[in-house]
Amino acid sequence: MSVSTPTAWAPEVFAPWPHTPGALLARVAARSTAFDATGAGGGASVLIGSAAGTTAADVGRRARGELMERMGNVFAGRAAEAEAEAAAGAGGARPPAAGVGGVRTCDWFALRRDGVPAADPADPATGPVDGANRGVPARGVRQLWCRGRAAGSCEDIWVPAGAAFLQHRPPPGCAATHRAGSTGVAAHRDPDAAAAHAAWEILERDLVRRSWYDPLRHPPVPFDARGALPPGASELRALLHREGLEATALALPAPTGAEAVAVCVHGPDRTRQTFGARCGPAHDLQETVERACWEALMVRWSMSAPVAVRAWDRLSRTGDPRTGLDHALWTFHAQDALTHWAGPATALRAPPAPASRPARDPGPVALLAAHTGREVIVVDRCAGPPADEGLTVVRLIAPGASPLPARPVPGQLPHPFG
Amino acid sequence: MEQPEIEQVTEELPEFGLIDIPSED
């Protein structure tokens, strides 16, 4: 059932579950030759924003915001790449100097010689490496750099463009040491609000990753999510009941002041699992569980989308998840990730007691820096339609925190997140 | 920079899956 018609980046808001018309999804997508193919788009050059919940205005705003943050970051990368190419085309044997324009093509040693502070591309903590250059001595790679700033000290620090921009395309004569995903990108009219949103997202993925890949060291605490929802979450409770679904939440070890929850939605026999996650302030457990639950339901609904059906046809033969969609499909069709991660249903416990509101709230960016013990880097660059709207799009880079990988991790089951 | 053509997807939207774009995706 369609509730709105898409125009000018307006999302389509629809009610996919006829028995629960108050449960809504929103989706909006853009196509451009500036975008690379993605799994969720079935290999098309599209970026997609989506959200789930019960209020049309809220899910629409969040879906549109997700598209804008991704689009703004990709176009910022394209602008930086074009700036570097223009400088090279103008006889730029001398690349743009640090401090002018905010981009530069060189290797890490050249920045060091010029006294320009830069993230070390050889440091594994700097971010996900570009698979095409795995094993190459990273400091000597000629690549595009862009200027960021340390969130705490506000001092300039230059970062590889591949760590800053989603789907970075190296300029001629350059390679890339890093290849960033969407984790850590956020859009808002207020730059501080954008940075806060990005910091919670990075922290969430890092806490999920740590617990999934080493549950003995970072043990999850499983509990029934339905008993920990806000009193007003009647549509969500009704949807789970009418679909015959259970929802198991996992409280993940988190730094003081934060709360991280993964939710698995599944059948009574623990088949057909999909996962969502959420990280937020430690005193908001009910809302954290609710948001993670909606995310898991959105992914579950997507398991029957045409691109997912085609992807499963391939994946069921290869058994080799390679994209976010693949990971969700593998979990839904072929893996009891919940029991692997948190033990059998008999391991369920009571929901954690709500934490008290801290006397002093350092905010998520400082909390993330304390979690990693490293300065968080902010790259504040936006281009394309989001810039035309006056949005700020930031990329946060948190050395020491890592997103969930799509490629296999040797000796480990594929993680269950799409 | 000349901005690449960009369009909103409408007809194919129901084809797509709906959390993350991983670094390798």
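Every read-out reported here was derived from the displayed coordinates using simple, explicitly stated rules and does not represent laboratory data. Keep in mind it's a predicted model, so treat the numbers as computed, not measured. When we count neighbours, we look across all protein chains shown, and the Cβ atoms used for this are built from the backbone with ideal geometry, even at glycine.
Annotations
- Longest to shortest principal axis, alpha-carbon extents of segment A:323-397, angstrom: 51, 41, 25
- Using alpha-carbon coordinates, inclination of helix A:306-318 to the longest axis of chain A, degrees: 80
- Summed over all non-identical Cα pairs, the Kirkwood treatment of segment A:245-288 gives a radius of 11.0 Å.
- Relative to the longest principal axis of the Cα atoms of chain A, helix A:324-334 runs at roughly 30 degrees.
- Stokes-Einstein D (µm²/s) once Rh is taken as the Kirkwood radius of segment A:116-248 over alpha-carbon pairs, at 10 °C in 1.306 mPa s: 87
- Net charge contributed by nearby residues that have their C-beta within less than 10 Å of B:Leu13 (K/R +1, D/E -1): -3
- When you work out D = kT/(6 pi eta Rh) for segment A:273-355 at 10 °C and 1.306 mPa s, using the Kirkwood radius from C-alpha pairs as Rh and the Stokes-Einstein form, the result is 110 µm²/s.
- Among A:Thr271, A:Thr339, A:Thr38, residue whose mean-square fluctuation peaks in a GNM of chain A (springs only between Cα atoms under 10 Å): A:Thr339
- Cα-based convex hull volume of segment A:12-68 per residue, rounded to whole Å³: 71
- A helix-only calculation puts chain A at -10500 deg cm²/dmol for mean residue ellipticity at 222 nm, using -39500 (n - 2.57) for each DSSP H run of at least four residues, averaged over all residues.
- Pairs of Cα atoms farther than 24 Å apart, segment A:267-418, %: 53
- Local net charge near A:Gly400, Cβ-Cβ under 14 Å (Lys/Arg +1, Asp/Glu -1): 0
- Computed over the Cα atoms of the protein assembly as shown, the ratio of the radius of gyration to the Kirkwood radius (Rg/Rh) comes to 0.96.
- Neighbour counts of C-beta atoms inside 10 Å place A:Val185, A:Val46, B:Val9 in the sequence B:Val9, A:Val46, A:Val185, starting with the fewest.
- Volume per residue of the C-alpha convex hull in segment A:194-336, rounded to whole Å³: 128
- For segment A:126-179, the alpha-carbon coordinates run over 33, 21, 21 Å along the three principal axes, in decreasing order.
- Cα centroid separation - segment A:230-264 against segment A:339-374, whole Å: 14
- For chain A, built as a Gaussian network whose Cα springs stay under 10 Å, the top-fluctuating residue of A:Ala180, A:Ala29, A:Ala87: A:Ala87
- A Gaussian network model of chain A, with springs between Cα atoms under 10 Å, assigns the largest mean-square fluctuation among A:Leu285, A:Leu239, A:Leu166 to A:Leu239.
- To the nearest ten degrees, helix A:285-302 and the longest principal axis of the Cα atoms of chain A are 90 degrees apart.
- Computed from the C-beta positions of A:Val409 and A:Asp58, the FRET efficiency with R₀ = 35 Å rounds to 0.50.
- Amide H contacts under 5 Å for A:Arg104, placed H, 5+ residues apart: A:Trp145
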